[in-house]
Amino acid sequence: MPFAPLLAALLVTQVPEPPAEGAIVWQAPPGCPDRAALERAIAGRLGRVPTAQELALVGQIGRTSAGRYHLDLRLTVAGHTQTRALTTRQCAALVDAAALLSALALDPSAAAVDPALPVELEPSPEPPLPDEPIEPDPPASQVAPPVEPTPSARPEPVDAPEPPPPAVVVDLAEPTPSPPPRRRPGGFLRLSGGFEVGALPRPTAGLDLATGVLWRRARLEFHGVYLGPQTEARGVNSVTVSLLAAGVQGCARLGRARVEFPLCGGFEMGGLRGEGRGPGARTGTGFWTAARISAGVAWHFHRLLSLNFAAQGLLRLAAARFDLSDPDAPVRLFEPSPVSLRLLLGLEVRLGDPW
């Protein structure tokens, strides 16, 4: 037939000659494991050193444009040839892949990996190589010397599978709700000024210095009170009286947002000091005790500052009286009223207020 010579020529030019049996050809760039490392890896996975008649291997590692390592692998086992193309980020992983494919081609039971050997590349997700149909190579007398495959004839590169992400364990049990954090109490310092009617002979001005503890809905306040001196006269005799006292009171904090309405109750103790003038006059200090209730409003116009107004009513429990001694009959110069009233306006500084 006239086409027979032409067909033979096509077979000679297209079918590359497999490597000689027993030959291991391994080409790798500097920094990659060499042929000796490949032979040790094959022996480690197979459990023995393959004979020259069992395995022929040709492997070439190159770099891709993306900076990855690409392996063209050709295996010949018992006259059957197969090729693989692998790509990965680490050159050493290609040695493990070539060793595993070689061990599987020689012995399918060699798929188990020796735990003593490092494994950086998982086996290809394709079916095991021995199960693939492998066409036998033509006799050596009918094939030409090996021809470098053209780019169009090269097998499509297959990226080595990335290791699976670590498993995420989700606890579906309903979490136990944690209690809300407890708010720590805060503190304050307030200076107030105003006037009072009833405790001294005439309406008088006074100062109130207060400090204490703040909770979200309560206050505990400690006060220092000073009322300016006022004079009461009887004829040529007179007495000038002033008040210095300390007190404590507890308050409920009503309201919301920036407006607070404190309702308070407590008591105070101190001394009434009287300075007498006239014949036989002298100076003395008498006892003062009173219960008090208070109602007010506080405007928290700043995170730390408040403007406070309070109206306080005091019920006298015990108080000194100032008398003018007379041989015939004593003359009372002054005695505090049973009930007195204070009106105070102050500026308060709050620290750590849980309001």
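Please enumerate the residues belonging to the range 322-355 that are assigned to a loop (DSSP other than H, G, I, E, B), farther than 29 Å from residue 309 by Cα and at pLDDT 90 or above.
none
Yes/no per residue for (1) at positive phi; (2) touching a strand residue (DSSP E or B) at 6+ places or on another chain (Cβ under 6 Å); (3) open to solvent by 40 Å² or more (accessible area, probe 1.4 Å):
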site	(1), (2), (3)
52	no, no, yes
59	no, yes, no
62	no, yes, no
75	no, yes, no
83	no, yes, yes
96	no, no, no
Exercise. Among what's in the range 273-320 and is exposed (fewer than 13 other Cβ atoms within 10 Å of the Cβ) and of a type in the set (Lys, Arg), pick the residue that is farthest from the chain's Cα centre (by Cα).
Key: 282
Quiz item: Any residue at all in the range 326-340 that is touching a residue at least 12 places away in the same chain (Cβ under 8 Å) and in contact with a Phe, Trp or Tyr (Cβ under 6 Å, 6 or more places away or on another chain)?
Solution: yes
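The values are calculated or read from the model by the stated rules, or taken from the named source; none is laboratory data. All values reported here derive from a predicted model rather than from experimental measurement. Cβ: placed from backbone, ideal geometry, glycine included. Neighbour counts: every protein chain shown. Heads up: the accessible areas ignore ligands, DNA and RNA and are worked out on the full protein's heavy atoms, side chains in. Shrake-Rupley method; radii C 1.70, N 1.55, O 1.52, S 1.80 Å.
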